[in-house]
Amino acid sequence: MDRVKRTLTPYLLVLPGGLWLLLFFAVPMVTMLSLSLQEGDIVNGFVFTGHWQNYVDAISAYQTQLIRSLVYGAITSVVLIVLAFPVAYWIAFYGGRRKATYLFLILLPFFVSFVLRTISWRMLLTDDGVLLHPLKEAGLLPGDFQILGTATAVIAGLVYSFLPFMVLPIYVALERIDPRVVEAARDLYASPLTSFRKIIFPLALPGVFAGVLMTFVPATSDYVNSELLGSSETTMIGQVIQSQFLSNSDYPSASALSFTLMTVLLIGVFAYARALGTEDVMKVAAR
Amino acid sequence: MRLRIGGDRLLHVYTWILIGWLILPIAVMILFGFNDPQGRYNQTWQGFTLRWYGEVFALEALTDALVVSLLVAVATALIAGALGTGIGYALGRWRFRGAGALNLLMFAAIASPELVMGSSLLSMFVSLGAPLGPVSITIAHVMFSVSFVAVVVRARVVTLDRSLEEAAADLGASGWTTFWKVIFPIILPAILSGVMLAFALSIDDFVITNFTAGTTQTFPLWIWGSTRVGLPPQVNVMGTMIFAGGVLLAVLSNIRSRPRRKAA
């Protein structure tokens, strides 16, 4: 009896949370897949007809936005690696006793609502705002110069939004490096550059991978930055899906787009994992 | 560890520049809570005032939205805290059939784009004809935060020394007593971190809330809805208060846990 109770315990503990995830994460995905194959409208209701044409129509109508989002997401991740690596490196190796303080400072933006932060950026970047006005007065920028509404503004906003998600995993990977390994490299007459290239960077790669996972997916599917900082020239797929769902109530085509986005992102992530090719990388990602 | 790549001073300066960049919009938000704008747009600096701190709750719709956000966040923290602790403890303590599938489900919920989770939940609610409001928002928030709580609790449980349980059993404690008297106090800080994380994720969430709220307004949704007509300074004041509260809580919990770490 006691044994039965003991083997049942983990299942009882897991049951409520697991059910919640099944009912409100897994089941909705199936519902959305089904909805994406239906026909009809919000007034007369939708009927399942296995209508694959939804996908063809949605993708051909919005391929520009879909491709643009993937490009923005990829640029964001690359810029993030370049910006975040030196910071993570400095904190991990030179942060000393203040490591926790520096990480806390990096995380400060998370204490302000995502939407509010982006609105602050919009204020800073307006054509006659605090940043551009003085530069224009000083003649450093032409009078009609503007950043808001451009792809640069949207990508800069995305980079800002997800920077901590790149710094942290790279920091964790660098922090785990055994100092003796680097010392050994030096004892064997490796130059600082060689030991960085051959020892430190490869050991940091799992962190870079985790960082790309944590930034590419949310950046590609984001619609807050492109809505607040962009223009009709920078519309991203998230904005399309959001307005199809919430303004047009065109659920089948919105579901088809949403599903396409997820499939493309999943394929991208797996292809990327394959390209890097180590099992370690997947293990770190799964953690 | 000195790596003698040189330029560490340059990196130090660079780190501070990046931190400055991260803090810049926060400073703008705080500053414009003290601004005295003449028109509807709180965009240029026009003079210092404390007026908005006195009138912070003057806009009824905004205050209602903040209250909804707080209530949803408290409910989410409690429910996700309880469910996530169950999952985290079980995964850390036992090996059992289905644990792998559960881990995969949690990983998928953490890694999936919010946009997809939000839109799929809306699809389901629409298909079922379920009403949208504070309940559907809370359901969604528990869904995306429960995995985070579980991960935090599991990380603490796997480091538990099993001999503690054996010692308690040797002294005649039942499994139930051992859990509440020995295990629970040890993992409590991890549970509290998980609960705080769930609260923070919930109160800040925009995307999933946007899909599951219907006509209900939360703090981020209200801000999003009023960007075109201009944000009132009260939003900056509320944002500043949430920021200050969060930072204070984080700093306090860090100070409290520090001496213990040294003793261990």
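None of the figures in this text is laboratory data; all of them are computed from the coordinates on show. Here the structure is a predicted model, which is why all the values come from computation and not from measurement. All Cβ positions, even for glycine, are placed from backbone atoms using ideal geometry, and neighbour counts span all protein chains on display.
Considering chain B as a Gaussian network with a 10 Å cut-off on Cα pairs, which listed residue, B:Ile203, B:Ile137, B:Ile187, attains the greatest mean-square fluctuation? Of B:Ile203, B:Ile137, B:Ile187, the Gaussian network model singles out B:Ile187 as fluctuating most.
Take peptide B:12-18, look around each residue's Cβ out to 10 angstrom, count Cβ atoms belonging to other protein chains, and average those counts. List each step's numbers first, then the result.
Values: counts 4, 1, 4, 12, 4, 1, 9.
That average works out to 5.
What does the C-alpha gyration tensor say about the overall shape of the range A:51-286? Classify as rounded when a/c is under 1.5, otherwise prolate if a/b is larger than b/c, or oblate. Oblate is the answer for the range A:51-286, as a/c is 1.5 or above yet b/c matches or exceeds a/b.
Distance from the alpha carbon centroid of the range A:27-85 to that of the range B:193-249 works out to 27 angstrom.
Within a 10 angstrom radius of each residue's Cβ in B:207-220, how many Cβ atoms of other chains show up on average? Whole number is fine. Walk me through the numbers on the way to the answer.
Numbers: counts 9, 0, 0, 6, 4, 1, 1, 1, 0, 0, 0, 1, 3, 5.
Average per residue, whole number: 2.
FRET efficiency for A:Leu140 and B:Ala108, Cβ-Cβ distance as r, R0 = 41 Å, nearest 0.05?
Efficiency, rounded to the nearest 0.05: 0.25.
Principal axis extents of the Cα atoms in chain B, from largest to smallest and rounded to whole angstrom, are 74, 63, 38. Can you tell me which of B:Pro37, B:Pro189, B:Pro25 moves the most in a GNM of chain B? Springs connect C-alpha atoms under 10 Å apart. Looking only at B:Pro37, B:Pro189, B:Pro25, the largest GNM fluctuation is found for B:Pro25. Max-minus-min Cα coordinates of the range A:26-174 on each principal axis give 61, 46, 25 Å, with the largest extent listed first.
Taking neighbour counts of Cβ atoms within 10 Å as a proxy for exposure, in what order, fewest first, do A:Thr9, A:Thr260, A:Thr220 appear?
Working: A:Thr9 17, A:Thr260 20, A:Thr220 27.
In increasing order of surrounding Cβ atoms, one gets A:Thr9, A:Thr260, A:Thr220.
Computed from backbone phi with θ = phi - 60° and the Karplus coefficients 6.51, -1.76 and 1.60, the 3J(HN,Hα) list for the range A:161-176 is 4, 10, 3, x, 5, 9, 4, 4, x, 5, 4, 4, 5, 5, 4, 6 Hz; x is used for glycine and proline.
When each of the peptides B:140-148, B:166-174, B:85-93 is scored by how many other beta carbons lie within 10 Å of its residues on average, the order from highest to lowest is B:140-148, B:85-93, B:166-174. Between A:Ile155, A:Ile199, A:Ile106, the Gaussian network model of chain A with springs among Cα atoms under 10 angstrom shows the greatest mean-square fluctuation at A:Ile199.
Where nothing but the Cβ of Lys and Arg (+1) and of Asp and Glu (-1) is charged, how large is the charge dipole of the protein assembly as shown around its Cα centre, in debye to the nearest 20?
On the way: 36 positive and 30 negative charges, 492 e Å.
I would put it at about 2360 debye.
For the pair A:Ala184 and A:Thr152, label points projected 7 Å from Cα toward Cβ lie 4.7 nm apart.
Taking the Cα centre of chain A as origin and assigning +1 to Lys and Arg Cβ atoms and -1 to Asp and Glu Cβ atoms, the resulting dipole is close to 1420 debye. When the alpha-carbon atoms of the protein assembly as shown are used, the pair Rg, Dmax equals 24.9, 84 angstrom. Projecting the Cα positions of A:Gln239, A:Gly50, A:Thr194 onto the charge dipole of chain A (unit charges on Cβ atoms of Lys, Arg, Asp and Glu, taken about the Cα centre) puts A:Thr194 furthest along the positive direction. Note on B:Asn254/A:Leu12: beta-carbon distance plugged into 1/(1 + (r/R0)^6) with R0 of 41 Å gives a FRET efficiency of 0.75. Per-residue 3J(HN,Hα) values for the range B:29-38, derived from phi via the Karplus relation 6.51 cos²θ - 1.76 cosθ + 1.60 with θ = phi - 60°, read 4, 5, 4, 6, x, 9, 7, 10, x, 8 Hz in sequence order (x marks Gly and Pro). Shown for B:Thr159, B:Thr177: other C-beta atoms within 10 Å of each C-beta, ranked fewest to most, produce the order B:Thr159, B:Thr177. Evaluating 6.51 cos²θ - 1.76 cosθ + 1.60 at θ = phi - 60° for every residue in the range A:82-95, the Karplus couplings come out as 4, 6, 7, 4, x, 5, 4, 4, 5, 5, 5, 9, 10, x Hz, glycine and proline recorded as x. The alpha carbon centroids of the range B:78-147 and the range A:158-228 are separated by 29 Å. From its DSSP helices (H runs of at least four residues, each -39,500 (n - 2.57)), chain A gives a residue-normalised ellipticity at 222 nm of -23500 deg cm²/dmol.
Between A:Ile267 and A:Ser231, how high is the FRET efficiency from 1/(1 + (r/R0)^6) when r is the Cβ-Cβ distance and R₀ = 35 Å? Nearest 0.05. Step by step, r from the Cβ atoms, then E = 0.75. As a proxy for reagent exposure, A:Met123, B:Met29 were ordered by neighbouring Cβ count within 10 angstrom, fewest first; the result is A:Met123, B:Met29.
For the range A:18-99, the calculated P(r), taken from all Cα-Cα distances in 10 Å bins from zero up to the bin holding the longest distance, is 14, 20, 23, 20, 13, 7, 1 percent.
Using unit Cβ charges (K, R positive; D, E negative) and no other charged atoms, how large, in debye to the nearest 20, is the dipole of the range B:61-231 about its Cα centre? Present the calculation step by step, with values, prior to reporting the outcome.
Numbers: 8 positive and 8 negative charges, 55 e Å.
With Lys and Arg at +1 and Asp and Glu at -1, about 260 debye.
Counting only other chain Cβ atoms within 10 Å of each residue's Cβ, the peptide B:102-111 averages 4.
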